[in-house]
Amino acid sequence: MHYCFIVNNEPSKAGNAQMIEEQLNKLETKPDFEIYKTTAERTATQFVRDFCKKNPSLETCFVACGGDGTINEVASGMVGAGNKHLAVWACGSGNDFIKYYKDKDFRSVSSLIEGTPHKIDILKVNDDRYSINVCNFGFDAIVAATGARLSRKGWKNAYRWGIVKAIFCGRFNNITVRADGELLNEGKRMLLCTLGNNCYVGGEFFCSPRSRNDDGLIEVGYCKTVSLITFLSLIKVYALGRHLDDPKTARHFIYRQSTSIDVHSDRQTEICLDGEMLPGHDFHIEVIPQAISFIIPA
């Protein structure tokens, strides 16, 4: 097995490549490996695609060394490639994807190398984008988009300011949602909608508590527009993942398990793919069952 460690090369993560090499050097048997450092957004996707084309017969494990954005980029480049695996070496605590795998050590290279491959699903968005964790739009996508823009400008507490903005202009979204052709919100506005392949989003929200990443289904959690007081009462229950079971909150949600979703907005909106924003008016999301071989750490 050839291991390709793909490292997010942001200044704040500059020491990660060295940490990985130190762990590899401590192994009794050092694997065949290389380290690729990203140079800009989405360069990891192109690198992985090019590598797979040039080395179709080489069994390779691409190790995403970073957060959800890096995992998304690496997985997006692997779709359709044979004898290729995805693994994660996690940096920090803000990684939603790995929360699905409780009690697994994603900071150990040896656990990764001794891990077990398991086929998981991925969501395809329009023609060439993917989401391996959670796709969401409406209120929380407005928070993410605003927070990312302010963060790039150097604002402190950027995502909290994103919440403030969304409270005032992100609770009444004229977005049409169809699940396997069924119209979920005829003539009604929506607060938010999550399409779960995994379970967590935003670092703390257990948004898709019934989601399984290997069942060939998208977990649809559609929340109707509610008053500000009701919205504030929903937040804690939603964060804990109890919103579908608590009768007081469940009545505000439409829950489905689907294989495809169609989203339309007359005004340009943004959909959030594992934390990355994609603008547009129309989106088609479908699940590709067992598209990725994921290494679960030993």
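The values are calculated or read from the model by the stated rules, or taken from the named source; none is laboratory data. Treat the numbers as computed from the prediction; the structure is a model and nothing was measured. Please note: Cβ atoms are built from the backbone with ideal geometry, for glycine as well, and neighbour counts cover all protein chains shown. Accessible surface is based on the protein model in full, side chains and every heavy atom, while ligands, DNA and RNA are left aside. Shrake-Rupley method; radii C 1.70, N 1.55, O 1.52, S 1.80 Å.
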Legend entry - Residue among T176, T194 that alone is among the polar types (S, T, N, Q), in a strand (DSSP E or B) and in contact with a Phe, Trp or Tyr (Cβ under 9 Å, 6 or more places away or on another chain): T194
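Of these, D68, D105, which one is crowded, with 23+ Cβ neighbours inside 10 Å, in contact (Cβ under 8 Å) with a residue 40 or more places away in the chain and among the charged types (D, E, K, R)? If you could, list the steps in order and put the result at the bottom.
Values: D105 fails: crowded, with 23+ Cβ neighbours inside 10 Å.
D68 is the lone residue from the list that is crowded, with 23+ Cβ neighbours inside 10 Å, in contact (Cβ under 8 Å) with a residue 40 or more places away in the chain and among the charged types (D, E, K, R).
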Inset, instruction - Quick one: in segment 186-243, of everything that is open to solvent by less than 10 Å² (accessible area, probe 1.4 Å) and of a type in the set (S, T, Y), which residue is farthest from K99 (Cα to Cα)? - result: Y222
Inset, instruction - Please work out if L112 is open to solvent by less than 90 Å² (accessible area, probe 1.4 Å), assigned to a helix (DSSP H, G or I), among the aliphatic types (A, V, I, L, M) and in contact with a helix residue (DSSP H, G or I) (Cβ under 7 Å, 6 or more places away or on another chain). - result: no
Inset, instruction - Those residues that are open to solvent by 10 Å² or more (accessible area, probe 1.4 Å), on the phi < 0 side of the Ramachandran plot and assigned to a loop (DSSP other than H, G, I, E, B), I need them from segment 126-145; list them, please. - result: D127, D128
Legend entry - Selected residue (criterion: nearest to the chain's Cα centre (by Cα)) from residues of segment 218-244 that are in contact (Cβ under 8 Å) with a residue 12 or more places away in the chain and assigned to a loop (DSSP other than H, G, I, E, B): G241
